[in-house]
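Note sheet for the following structure.
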Amino acid sequence: MGDEGHLGVWSTEDACYELIAGRLGSGTRTLETGAGLSTVLFAASGGDHWCITPFGDEMQRLRKYCRDRAVDLTRVRFEVGRSETVLPGLDVGDLDLVLLDGNHGFPMPMIDFFYGAGRLRAGGTLVLDDLQLPAVRLLADFCDLDPGWRRVTRSQKWGAWERKSSSPFVADHVDQPWLTDSWVPGGGPFKTQLGRLAAHAGRGLRRRVAARRSR
Ligand SMILES: C[S@@+](CC[C@H](N)C(=O)[O-])C[C@H]1O[C@@H](n2cnc3c(N)ncnc32)[C@H](O)[C@@H]1O
């Protein structure tokens, strides 16, 4: 989790901000769930930015923080509400970068991913913060294996992926390497588990045939 202490706003690791800053400009269109120092960074870049936070007081704190430091917020749209309810109806067009750092409890990161990262253009960047938390880590593991994404960088805390196409998210599970190659609770990659199941079923069948023959 970030640090809300010394700045009076949330924050995360410098390296994450550096990656984001390197991809921003006055022509970029960006979106984040959650708010904090990242919002200040997006504002300072001068591009169009959407920031979704459920807390009006958080937005007010950020406004004051920016006012005190002469950071222009005119191209930042604050949407006060929960991202899972705001995002589906939000009209943002194609996005260049999406930072998901709002509610980290299951299934919120997945909802933010569907409605937020789903609006990234091909080549656009997804940044996930707080990979130490299970729901976010699951999403990061998906992006690592899915052919629709290219990993830019990943640490214990955060990661970034480039979207390879802007096609809608419609793939069924059989077309997702995440299913076949990923770790499944209780024992190794799904492929291995299928192998074990097949072996188990085979043993059962052989036992039944042998029992019938011995009658
Ligand atoms: C860790 S902080 C964000 C830090 C920020 N990205 C940064 O680097 O400065 C988490 C944020 O998520 C917000 N949040 C919590 N639940 C949310 C929800 N359902 N939708 C959107 N934001 C939410 C919190 O209000 C807080 O602003």
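The values are calculated or read from the model by the stated rules, or taken from the named source; none is laboratory data. None of the values given here were measured: they were computed from a predicted structure. Because the Cβ atoms are built from the backbone with ideal geometry, glycine has one as well, and the counts that use them run over all protein chains shown.
I'm trying to understand the selection: among the residues of the range 149-168, which are modelled with pLDDT of 95 or more, touching a helix residue (DSSP H, G or I) at 6+ places or on another chain (Cβ under 9 Å) and over 18 Å from Arg23 (Cα atoms)? Matches in the range 149-168: Ser155, Lys157. Taken over the range 14-54, the criterion of being within 21 Å of Asp91 (Cα to Cα) and among the aromatic types (Phe, Trp, Tyr) is satisfied by Phe42, Trp50.
When each of Gly116, Gly81, Gly89 is tested for being at pLDDT 95 or above, surrounded by fewer than 12 Cβ atoms within 10 Å (Cβ to Cβ) and within 20 Å of the chain's Cα centre (by Cα), the lone residue that passes is Gly89.
Listed by position, the helices (runs of 4 or more DSSP H) inside the range 40-152 whose residues that are within 11 Å of the ligand (Cβ to nearest atom) number at least 3 are 56-68, 83-86, 108-115.
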